[in-house]
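Okay, so here's the structure we're looking at.
The values are calculated or read from the model by the stated rules, or taken from the named source; none is laboratory data. Everything numeric here is computed off the predicted structure, so don't read it as measured data. Here Cβ is always computed from backbone atoms with ideal geometry, including for glycine, and neighbour counts include all displayed protein chains.
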Amino acid sequence: MYFIAFLAGLACKLYDDLSDNVLLASFRNPALMEFLKGIHYILFTTLSLHNPVFFMLFYLICSVNSLADPNAWSGSYESGFLYAASLIYLLVQYEQLPQINVMDVCIITVMLFIFAVESSVVQQHTEFSIWKLIARSFGVCGLLCMIVLPIFTAPLKYIFAYGIGYCLCSVFVQYYSLITYRNRKPEPRKRKSKVKRLRSS
């Protein structure tokens, strides 16, 4: 299930970057985009039905982030995900919910705070930057450390695995985008014609 969570995070971030990053336009095609959307829904639903607490905590985090940064969730895919995923609440066997511990509650509180203030700290209009590369790299390292600790329960570790896939994809995209942008040839300046130069003088 950890691998499923990892793949779900990977598919989510890859779709997001292909949609927004102009430097990835050559990789974008309708079939791939629909595949990524479909595979994310399938993997996320499978994991949610396997562990409903993962779903509840994940949905809570997404809901807080959508309230803090409505623009990030204004797209049809993002807003549609919030509406469609809410139907999973109807399928949950509430009498069989696993327990979470104090450490789970602490880290979820921290995550909710991070996602609540993320939009005001991170420049959302910048699709790639060295700071995003550093932040996502630290995210991968931090989540890898937390996922091996025995103090967290399975629902939290599934969220960590999802985050590892999300951040790892972002690391590669950020690196590719920065290299591509740096190596891109500058467009030549357009020279004014003689008539325009004479008129302006």
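Here F58 clears all of (1) within 13 Å of the chain's Cα centre (by Cα); (2) modelled with pLDDT under 85 except the condition numbered (2). When restricted to residues that are closer than 24 Å to F3 by Cβ and polar (S, T, N, Q), segment 42-94 contains 5.
Scanning segment 82-110 for residues that are free of Cβ contacts under 8 Å to residues at least 24 places away in the same chain and closer than 20 Å to Y15 by Cβ yields L82, Y83.
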